[in-house]
1. Hey, does the stretch 495-511 have a residue that's outside any helix (DSSP H, G or I) and in contact (Cβ under 8 Å) with a residue 12 or more places away in the chain?
2. Picking from Gly530, Gly583, Gly576, which residue would you name as being closer than 30 Å to Lys452 by Cα and touching a residue at least 12 places away in the same chain (Cβ under 8 Å)?
3. Does Arg551 satisfy being over 16 Å from Phe683 (Cβ atoms) and outside any helix (DSSP H, G or I)?
4. Does Ala256 meet the test of being in contact with a helix residue (DSSP H, G or I) (Cβ under 8 Å, 6 or more places away or on another chain), among the small types (Gly, Ala, Ser) and modelled with pLDDT of 65 or more?
5. Specify which of the listed residues (Ile524, Ile517, Ile488, Ile484) is modelled with pLDDT under 85 and either among the acidic types (Asp, Glu) or assigned to a helix (DSSP H, G or I) (or both).
6. Tell me which residues, restricted to the stretch 638-681, are surrounded by 17 or more Cβ atoms within 10 Å (Cβ to Cβ) and modelled with pLDDT under 70.
7. Which residues, counting only those in the stretch 714-746, are out of contact with any strand residue (DSSP E or B) (no Cβ under 7 Å at 6 or more places or on another chain) and either farther than 23 Å from Phe557 by Cβ or of a type in the set (Asp, Glu) (or both)?
Amino acid sequence: MFPKLPLLHVWFKSAYFQRLKALTPEENTRSQHGLFFQDGQRRVDYVLTYSVKKSSGSHSTRQSVHLLTENVVARSFRHGPQSGGEKLRAKQTQRTKDSSSVHSSRVIDMELGCSGEIFNGQEDQKAFRREEFEGKLRDMGLELEKDEDGKIPGVYFVKIHAPWNVLCREAEFMKLKMPTKKVYEVKQSNSIVEKISTLISKILEPLHPHVEEHQPKNIKHLSHTFSREKQHLDVFNTFYCQLTYFSTHTLTHTHAHTYNICEYLLQLLYEEWANYSVFYKYQPIGLVRKYFGEKIGLYFAWLGLYTQMLIPASLVGVIVFLYGCATVDDNIPSMEICHPRNNITMCPLCDRVCSYWKLSTACGTARASHLFDNPATVFFSIFMALWAAMFMEHWKRRQMRLNYEWDLTGFEDEEVSNNKTDHPRAEYEFKVMQKSLRKRQKSQDKVNTIEKLTFQDRLPAYMTNIVMMLLMIGVTFAIVFGVILYRISTKAALHMSSSLITRNHVQLTVKTTAAIINLVVILILDEVYGAVARWLTVLEAPKTDKSFEERLIFKTFILKFVNAFSPIIYIAFFRGRLVGRPGSYLYVFDSYRMEECAHGGCLMELCIQLSITMLGKQLIQNNLFEIGIPKLKKLIRYIRSKQGAFQEEERQKKLTRYETDHFLEPFGGLTPEYMEMIIQFGFVTLFVASFPLAPLFALLNNIIEIRLDAKKFVTELRRPVAARAKDIGIWYNILRGVAKVAVIINAFVISFTSDFIPRMVYQYMYSPDGSMHGFVNHTLSYFNVSHFQDGKEPMDPSHFGYPVVICRYKDYREPPWSNTPYELSKEFWAVLAVRLAFVIVFQNVVMLMNDIVDWLIPDIPKDISLQIHKEKILLVELFMKEEQGKSYIIDSIAFSLIVVSMSKLASSSLSGQTKLYVNCMFFLIFLTFQQLGQQLAKEM
């Protein structure tokens with residue numbers, strides 16, 4: 001089964017002149033490639049694809065239809081013209097009444113795309129529904145042409161052409177803004193900031209793509225909402241381009257010819273955008289918007305800005321990491337751990353099989369922990385919180401500038417008004433129809449009443465959503481718990497190994513393998529959770545497509561966020577805190593002792609888990625899957641179409657354009673693209689205190705991701721249905737939420753996961769000389785080995801050649817010789833109080849700084865605000881001038897008629913030279929007024 005195959009070229013030529021122009025041999029060739037109808041004049045704007053089943057031995061005209069579209073055409077071209085003739089409106093109304101009994105079935109067939117399975121074997125009914133749907137399209141003014149002689153077995157096509165009057169009608173309905181002939185100069189300010197900006201633009205000029213969209217333009221066309229009454233004001237060619245670009249067409253770069261501006265644009269996109277050799281250049285966002293629409297253009301604009309903002313974050317992160325490398329030899333705690341005379345005996349890390357160990361063996365872990373756990377990480381956490389706020393504000397300004405450049409400044413009011421009358425989804429209409437039928441059967445009432453789904457109708461779906469969401473989150477927690485058991489059991493098993501190398505690298509082996517297992521599980525569950533979220537959203541039956549998309553995004557984000565960050569949250573905030581103490585450890589299932597952190601703390605383990613998960617998701621899920629899966633699906637689709645057996649024939653008999661594009665992958669929406677970037681944004685901001693190199697890896701990934709997505713859109717996917725949008729929608733709110741949560745999480749990571757607070761407390765409260773000397777000994781408590789529980793003591797107590805009496809463990813507890821042995825000491829409560837105070841202060845200070853940044857930076861750039869105000873004034877002046885010009889033309893015509901009448905009257909009573917003189921005078925006056933009227937009409 002194949003989804004919709006859209007097909008439309010951006011057409012910059014006037015439809016009027018296109019009709020008058022004779023068909024050239026080149027156009028005849030193009031019509032043979034599927035770009036035109038059979039007459040060679042009407043251009044193909046859209047293609048419907050449906051699969052058919054052949055009857056025994058012959059082509060059956062009663063086809064088993066599976067229309068592969070989501071009713072995009074029917075939704076783009078509303079039911080009935082907005083300002084059409086009464087005859088067409090009456091015809092549409094009559095046909096709607098006649099087909100009301102099957103209308104719902106048809107909508108479900110088009111929307112769900114599953115009627116071929118439900119009505120399997122009912123060929124007549126399927127053919128009738130297809131014909132009824134095509135009739136609806138004709139009633140809307142569209143022109144259709146069937147292509148049942150294609151070269152792809154089992155697949156037929158219906159070509160659709162949208163005439164000029166239909167495009168004009170839809171442009172009025174959509175309130176598209178069109179550039180007028182009136183131009184004005186955009187004056188540049190002479191401020192210092194503007195001069196610096198101009199200088200930077202000149203320096204960065206080599207980084208711009210070689211397209212006209214990125215050249216500075218000081219002249220701008222005045223735009224207004226399109227109206228057929230004011231077509232004479234519009235720039236005609238640009239108007240036709242904007243009317244047609246929201247429909248669709250798909251090309252691969254191998255088919256990009258130069259005979260059409262659309263192909264030229266696509267070739268530019270391939271060379272200056274979907275090419276890895278131009279990875280260092282800015283994106284041609286103007287061309288992306290022109291070819292794919294505003295919604296996709298905004299996504300790539302947002303992705304490009306996000307990638308640019310990662311550059312300063314990466315530089316600061318690298319500096320923080322280098323600072324840790326430079327100061328590792330001067331770090332007193334790690335020096336004390338690594339000192340050769342340090343013979344502190346530590347308690348066993350597991351029961352029975354683990355023996356006592358020397359603290360100096362943790363030297364490598366302690367030195368590595370300092371690379372990420374140093375005073376600079378606190379500064380970096382504050383910096384990243386402010387960076388996130390700056391990024392959000394910068395995007396709002398960039399978005400507003402794009403709205404102005406793309407003539408979307410008034411789109412908000414239109415969107416609000418259209419939300420009230422947005423076309424309901426087919427699934428919603430189907431459930432409303434079922435409710436109406438049930439109610440009609442119970443009441444025996446034949447009066448049609450307008451029904452809608454209430455909260456009570458949706459209550460079972462809501463309860464199912466809640467239960468399934470909790471179940472999926474529970475599955476994630478269960479898997480995390482399973483990985484914990486894996487670490488505990490594997491650690492015990494490796495300690496029993498006879499290999500000395502294995503025993504010496506137990507911690508590294510267990511951490512790495514557990515992180516890889518978590519990564520594999522995350523990748524698998526991501527796919528499962530995506531399918532579950534869609535099923536739950538369909539179950540809710542949202543009324544509109546926008547509501548459906550927002551609910552789907554919210555569910556998918558919750559599930560994937562929990563899936564990606566649950567192992568990391570466990571390591572950061574729970575591991576090592578639910579352990580107990582020697583002689584009184586906590587056990588799982590009475591046999592598995594809860595794992596504890598190494599002496600360097602859990603921050604190093606958190607860094608390992610975060611880096612493997614982040615890099616693995618980016619490399620495998622975001623890159624390899626995006627490259628491999630579309631190519632694999634294309635190959636499968638090609639094999640299923642039985643074209644592999646006819647390669648020689650295909651060389652001689654070339655497929656048409658839409659038949660070639662039929663093998664491309666259908667566009668699945670921007671949700672996966674946004675989702676992977678939002679999860680990455682979480683990796684960059686949420687635990688950045690433990691992994692300052694995260695922005696650098698994100699930057700390197702996004703540089704590839706931009707070109708990879710561009711190549712996918714240009715060469716691997718069917719051209720999506722372009723849609724207008726003024727912002728990135730619910731994704732912006734999710735970004736703000738992640739940025740707010742990041743402040744809190746980083747505060748807790750610095751306070752509870754790292755040793756930053758214990759070091760500060762020791763240095764300023766307990767150190768005798770105000771230095772860090774003695775910090776390691778201060779954080780270690782004493783334990784008498786005779787207090788081990790029976791059966792929990794080490795099997796080899798004389799591992800070092802002498803009996804151990806006292807061992808040490810990391811905690812703040814009283815020694816065994818005190819009056820309250822093994823109780824929490826006063827140092828523990830002092831450190832805990834400072835940790836909680838730090839969380840409160842850090843959170844409020846950073847939040848306040850974010851609010852200050854938000855207040856200082858206006859959402860709308862000042863120059864854009866001034867230009868919008870100026871355009872409103874100029875637009876009013878233009879319309880006033882037009883009305884005055886109309887009045888003047890009418891007056892001039894009336895005056896001319898009076899002049900002609902007076903000249904005839906005067907010439908009737910005069911003779912000779914006087915008569916000739918009077919006629920000449922009146923004729924000169926008539927010509928003067930006529931020329932003034934024509935000149936005024938041209939200026940308008």
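The values are calculated or read from the model by the stated rules, or taken from the named source; none is laboratory data. All values derive from a computational prediction rather than experimental measurement. In this analysis, Cβ positions are derived from the backbone assuming ideal geometry, glycine residues included, and neighbour counts consider all displayed protein chains.
1. Looking for residues that are outside any helix (DSSP H, G or I) and in contact (Cβ under 8 Å) with a residue 12 or more places away in the chain, one finds at least one in the stretch 495-511, hence yes.
2. When all the criteria are applied, what remains is Gly530.
3. no
4. Spelling it out, it is not the case that Ala256 is in contact with a helix residue (DSSP H, G or I) (Cβ under 8 Å, 6 or more places away or on another chain), among the small types (Gly, Ala, Ser) and modelled with pLDDT of 65 or more.
5. Ile488
6. Correct list: Ser641, Gln643.
7. Val714, Thr715, Arg719, Val721, Ala722, Arg724, Asp727 - these are the residues of the stretch 714-746 that are out of contact with any strand residue (DSSP E or B) (no Cβ under 7 Å at 6 or more places or on another chain) and either farther than 23 Å from Phe557 by Cβ or of a type in the set (Asp, Glu) (or both).
Okay, residues lined up against (1) in contact (Cβ under 8 Å) with a residue 24 or more places away in the chain; (2) assigned by TED's automatic domain parsing to the domain that holds Asn403; (3) over 26 Å from Ala723 (Cβ atoms):
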site: Ala127; (1), (2), (3): yes, no, yes
site: Phe133; (1), (2), (3): yes, no, no
site: Arg138; (1), (2), (3): no, no, no
site: His161; (1), (2), (3): yes, no, no
site: Pro179; (1), (2), (3): yes, no, no
site: Val183; (1), (2), (3): yes, no, yes
